[in-house]
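Contents: one structure, followed by commentary.
The values are calculated or read from the model by the stated rules, or taken from the named source; none is laboratory data. Since this is a predicted model, take the numbers as computed values, not measurements. Methodologically, a virtual Cβ is constructed for each residue, glycine included, from the backbone with ideal geometry; neighbour enumeration extends over all protein chains shown. Ligands, DNA and RNA are stripped out before the accessible areas are found, and what is left, the full protein with its side chains, is counted by its heavy atoms. Shrake-Rupley method; radii C 1.70, N 1.55, O 1.52, S 1.80 Å.
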Amino acid sequence: MDTETLHPDTDPKQLAHALSGFNLIDGKLVRACSGRTFPVVNPATGLQIGTAASSDAKDIALAVEAAQRAQPAWAAIAARKRGMLVAECARLLNAHVEELGRLVALETGKALRTESRVEASVVADALQFYGGLGSELKGESVPFSPEMLTVTTREAIGVVGVIIPWNAPMMLMALKIAPAIVAGNCVVVKSAEEAPLAVLRVCQILNQLLPQGVLNIVSGFGPECGAPLVSHPGVGKITFTGSVETGRLIAKAAGDKLIPVTLELGGKSPMIVMDDADLDRAVAGAVAGMRFTRQGQSCTAASRIFVHERVHDEFVAKVRAKVDAMKMGDPLDEATDIGTLISREQRDKVLGYVEAGRVSAGASAIECSALPADDALRDGLFVRPVLFTGLGNDSRLAREEIFGPVTCFIKFSHYEEALAQANDSDFGLAATIWTRDLKTALDASRRLQAGFVQINQNIVVQPGLSYGGVKQSGLGREASLEAMLDHFTHKKTVIFNMQ
Ligand code: ADP
């Protein structure tokens, strides 16, 4: 099938086939210089749905050169006009939400209704949000001296390298490319090897409106394709979401070049449930916060839930009942709440943690929901969600990021004890507290060590709200105006001597 004939109603399998083996460089779909590809597999069936270009330093060089060629003219367009074009991209993408949702469900195993369609609409939302911020790329006037007019301006960095993971590939890409492009940069994206197709399709759609070379995307493996993007001399900034280990490698390589990096890394996000909380709301919030609809594959997932001893048993029972009622099945089926994990490797890792928890002294593992009975899904990477009680905050399961449907419920008797344990973690991405007591809520909002704190609610990343972590959870913020200004521009000071 010719990619020109793709339209919003195209079947996701046909789409995957049509996009197979391509990068998008300088406005054109091109194959890797080496001609190599790697398979893309549907995790719900284990069947191959297509291929992706297996790119290396040569392909990266072509993409960076295309971005470098396009960048001066792109930055010369008035900022508000760049924004308007990005807002138009959002409108165009809105017509493709269903198609993109289905494609990302096919390649990641995330359920269409609860996750994938939502992700596709957040992509359009993020572009819309940043599209309106072009005129916010403004500077200041500084009262330095009466004889001098002193101003600051915001300038684009140049070429930005964007490295993304597979768990919410389109959304995480959009939160990086939209501010980068509105700020006047050109971009080279390196997609995740497990989910290269939906992001390629997003870039292909956006290239209908953006000048060629402004947005390029290349697929491949981390060391062969991601590392050359970081080290390429033409790249002036890297923005990355992924694991702590890779984040550290990228920060080191960027350090050698002395270029800035934004890192959104892991989390082990705590949720505290006080005994005065509105328990039913807290239960609903915990179920949403655990992100089991995405099989727990979220860095913000509430994976340590500290529950006051007076309500602990009732709370866990209510959460269990809700998770039990969730339907695991074909990600493309509208009735499905929970899809699959992304890969065999990830599934084995998660099952390893579950086994380690099961044999820990004092622990109980509550397995919820039921595996799908459909024969076509028998090789699917489904894992039953597990709620652990009786594990301490010092256990491996409470300290390491599992990235699977596994939550530790930890009983506490005093607020201070819960707070100390919540903060006793290498990570600091998100945190939540449920309480009706204003003083406790305020105190927790100040003392919880996290970049994103929620009181009596649980929402996911939203355009307009700064998002990012402290400690090992990363460097910098995303999703906000400040993220665009601080992470995708240089500030220049200009002094006019008027004498
Ligand atoms: P995950 O466990 O989510 O796969 P990774 O951090 O390994 O996390 O991967 C996130 C992204 O980083 C992927 O696109 C991957 O290909 C890329 N990546 C992995 N290793 C490197 C590396 N050495 N340099 C640059 N990018 C890398």
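Among the residues of the range 398-419, is any open to solvent by 40 Å² or more (accessible area, probe 1.4 Å), away from the ligand (no atom under 16 Å from the Cβ) and under 20 Å from the mean Cα position of the chain (by Cα)?
no
Quick check on the range 245-267: of everything there that is within 26 Å of LEU397 (Cβ to Cβ) and under 16 Å from the mean Cα position of the chain (by Cα), which residue is farthest from the ligand (Cβ to nearest atom)?
So, considering only residues that are within 26 Å of LEU397 (Cβ to Cβ) and under 16 Å from the mean Cα position of the chain (by Cα), the one farthest from the ligand (Cβ to nearest atom) is GLY267.
Within the range 207-239, how many residues turn out to be open to solvent by 10 Å² or more (accessible area, probe 1.4 Å), in contact (Cβ under 8 Å) with a residue 40 or more places away in the chain and within 16 Å of GLU65 (Cβ to Cβ)?
Of the residues in that region, 6 qualify.
Please go through the range 115-145 and give me each residue that is crowded, with 18+ Cβ neighbours inside 10 Å and basic (Lys, Arg), ordered by number.
Within the range 115-145, just ARG117 meets the criteria.
Return the only residue of PRO233, PRO223, PRO270 being within 11 Å of the ligand (Cβ to nearest atom) and more than 18 Å from the chain's Cα centre (by Cα).
Values: PRO233 fails: within 11 Å of the ligand (Cβ to nearest atom); PRO270 fails: within 11 Å of the ligand (Cβ to nearest atom).
Answer to the check: PRO223.
Pairs, please: C-beta under 6 Å, at least 6 apart or cross-chain, first residue more than 30 Å from ASN458 (Cα to Cα) and in the range 244-271, second more than 10 Å from the ligand (Cβ to nearest atom) and open to solvent by less than 60 Å² (accessible area, probe 1.4 Å)?
Every condition considered, the pairs that remain are ALA251/VAL261; ALA254/VAL261; ILE259/GLY236; ILE259/LYS237; PRO260/LYS237.
Report yes if ILE366 is at pLDDT 95 or above and open to solvent by 10 Å² or more (accessible area, probe 1.4 Å), otherwise no.
So ILE366 fits the description; yes.
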